[in-house]
Ligand SMILES: C[S@@+](CC[C@H](N)C(=O)[O-])C[C@H]1O[C@@H](n2cnc3c(N)ncnc32)[C@H](O)[C@@H]1O
């Protein structure tokens, strides 16, 4: 399946590690938002672009007893390993596959829309899948500021080892919108959802969370970045050296979460 996934990373040997670092960075805010909306036993949930599945698993545990979670992704290799009675997994492309209509109390998608050529069409499908009163929750990052070492005087963390690499990554691989987070709320108004809200969050990024995820994003596109002429081998080596030490704290992108409720008839 080719699917519709810009910056497709499926099949890369370190993709599971990259997805898990993303989960380490994002899950605390995601679960806080879902708790705030009252997700609990009996809810029927759809997790779109479920990745390595930490939120699908959390939802499956949270909606039990009585609830269900349907987790979908272009690649279900990691999801298939999550055995939960409440959880079903399906391999599908959200840009081409119809979903059940009026079926879910919650539809959640994190770090997905910015990868799609036509995010609005995907949101349209997600909204149609909500039952009246059901919640749509969309999340992604917004690189409101540069990624900087949070300990600039540290011997390995000179700013020039970090910021130029992230800038080159965003400039030469422009398929991902660095300000995707601030585009999310518009979708909720387009679909006239009720009870619209949102939350921003950022923990300083560390070796296990966003810092690792960002390092792996760069590593995945190492050859392309060298070929672009934007970065040298030495710059990339210093970038990796910084990120591989325990003090690899950086200022992270902001995690943006927005939510809205399908109007009750
Ligand atoms: C950046 S990862 C985010 C994973 C997960 N949502 C998370 O935040 O931890 C993007 C995920 O979306 C999936 N994906 C990309 N395009 C898709 C599409 N057209 N239909 C379904 N899933 C898609 C990818 O396979 C990948 O698992």
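Every read-out reported here was derived from the displayed coordinates using simple, explicitly stated rules and does not represent laboratory data. Every value quoted in this text rests on a predicted model; they were computed, and no experiment measured them. Methodologically, a virtual Cβ is constructed for each residue, glycine included, from the backbone with ideal geometry; neighbour enumeration extends over all protein chains shown.
Couple of notes before you dig in:
- Fluctuation leader among 217, 35, 24 - the chain, Gaussian network, Cα springs under 10 angstrom: 35
- Residues residue 61 and residue 117, FRET efficiency given R0 of 22 Å [Cβ-Cβ distance, rounded to 0.05]: 0.05
- Distance in nm between pseudo-label sites at residue 190 and residue 88 (7 Å out along the Cβ direction from Cα): 2.8
- Among 249, 151, 43, the residue with the largest mean-square fluctuation in a Gaussian network model of the chain, with springs joining Cα atoms closer than 10 Å, is 151.
- Choice from 252, 41, 155 showing the highest fluctuation, given a GNM over the chain with Cα pairs closer than 10 Å: 155
- Relative to the longest principal axis of the Cα atoms of the chain, the long axis of helix 233-243 makes an angle of roughly 60 degrees.
- Share, in percent, of DSSP beta bridges within the chain that are antiparallel, nearest 5: 45
- Anisotropy class of the stretch 59-131 from Cα gyration tensor, a/c 1.5 cut: oblate
- Taking the Kirkwood radius as Rh and the Cα radius of gyration as Rg, the chain has a ratio of Rg/Rh equal to 0.98.
- Put a dot 7 Å past the Cα of residue 244, heading toward its Cβ, do the same for residue 148, and the two dots end up 2.7 nm apart.
- Report summary: the helix-based calculation at 222 nm, which adds -39500 (n - 2.57) for every DSSP H run with n ≥ 4 and divides by the residues of the chain, gives -10000 deg cm²/dmol.
- Value of Rg/Rh across the stretch 88-186 [Cα atoms, Kirkwood radius]: 1.13
- Rounded to 10°, Cα long-axis angle of helix 163-172 versus longest principal axis of the chain: 60
- On the basis of the beta-carbon distance and an R0 of 45 Å, residue 124 and residue 160 show a calculated FRET efficiency of 0.55.
- Contact order normalised by residue count of the chain, Cα under 8 Å, 6+ apart, percent: 22
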